[in-house]
Amino acid sequence: MIRLLRKIGWIKQPHDVISRNRAFFKNFDKSRPLADYSFVVFDTELTGLKSKKDEIIAIGGVRIRNLQIDLGDTFHCYVRPGKLDHTKATLVHKITPEQLKMVPPLEEVLPRFLSFVGTDLLVGHFIGLDMGFVNSATRKLYNGTLANSCLDTLRMAQIYKRVILGRYHENSTSAKDSYNLQSLSIEFNLPFFDAHDALEDALQTAYLFLFLAKKMQKYGVVSLSDLFSAGRGINWATL
């Protein structure tokens, strides 16, 4: 039925970018050690948190190969939103409408970011938020969403602290707050970067990802499938 609707034009065909992406990940092998994969750790800055009305104003990314950060292979670009207005988020990331007047729109930035990502796995802290905005853009521009496997360092930290270390008692509001990127970086004594800058946050997340991945290897979480399986050991509704 879907094929028929696409054929008669009632449903738009996905762009070749999406079709190739989905074809690559259709039978993706998740059984290999984490060090065998290449990752893009990324972050976005936004005008707000509502995907239906807010927009991306910056994207930053850094590549990880062989579980090492490649500082010579990064991505950072500001994005001109459709509405150049001050929002509450301006007070957080300090990116003003005046700074964005002369930068390219998402229609120009997104293809460059997707080219940078390629078929690498995607990593982010609370990655669902960033992927929601990215996929909203790919849906609009390419008639489809990305199929890249995604890893969330927030969930990885929960797996490490609650499942592996057995800290199930951490169930208070203050404990939940301790899973933000800056708190975890301080707790694990990681290099510290400026918050609310897309590239700096991507670097911060990359260091957190590597710390957690290497720690969890000692407890038998070696492959990509191991990591996904470990995540099923948490009742996310209680967090």
Kindly indicate whether any position in the stretch 133-143 is within 16 Å of the chain's Cα centre (by Cα), β-branched (V, I, T) and crowded, with 16+ Cβ neighbours inside 10 Å. yes
For T138, work out the one condition from (1) within 17 Å of A198 (Cβ to Cβ); (2) touching a residue at least 60 places away in the same chain (Cβ under 8 Å); (3) assigned to a helix (DSSP H, G or I) it doesn't fulfil. (1)
What's the number of the condition F28 fails, among (1) closer than 16 Å to L151 by Cβ; (2) modelled with pLDDT under 95? (2)
For the stretch 144-171, enumerate the residues that are modelled with pLDDT of 95 or more and more than 21 Å from the chain's Cα centre (by Cα). none
So which pairs qualify, if the first residue must be in the stretch 216-227 and surrounded by fewer than 20 Cβ atoms within 10 Å (Cβ to Cβ), the second must be assigned to a loop (DSSP other than H, G, I, E, B) and polar (S, T, N, Q), the Cβ gap must be under 7 Å, and the two must be at least 6 apart or on different chains? S223/S31; S225/S31
Sole exception among (1) modelled with pLDDT of 95 or more; (2) closer than 27 Å to K30 by Cα; (3) of a type outside the set (V, I, T); (4) crowded, with 18+ Cβ neighbours inside 10 Å for Y179, by number: (1)
Matching residues in the stretch 191-227 (under 22 Å from L91 (Cα atoms) and aromatic (F, W, Y)) number 2
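State all residues of the stretch 76-97 that are touching a residue at least 60 places away in the same chain (Cβ under 8 Å) and either among the aliphatic types (A, V, I, L, M) or under 13 Å from V109 (Cβ atoms) (or both); if no residue qualifies, say none. Can you show your working first?
Let us first name the residues in the stretch 76-97 that are touching a residue at least 60 places away in the same chain (Cβ under 8 Å), namely 76, 92-94.
Listed by number, the residues that qualify are H76, V92.
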When the stretch 48-87 is examined, which residues are found to be modelled with pLDDT of 95 or more and in contact with a Pro (Cβ under 6 Å, 6 or more places away or on another chain)? E55, I57, R80
Which one of the conditions (1) at pLDDT below 95; (2) closer than 23 Å to F209 by Cα does D120 fail to meet, given that it meets all the rest? (1)
Given the structure, is L129 over 15 Å from V17 (Cβ atoms) and not in a loop (DSSP other than H, G, I, E, B)? yes
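The values are calculated or read from the model by the stated rules, or taken from the named source; none is laboratory data. Treat the numbers as computed from the prediction; the structure is a model and nothing was measured. Every residue, glycine among them, receives a Cβ derived from its backbone with ideal geometry; neighbour counts consider all protein chains shown.
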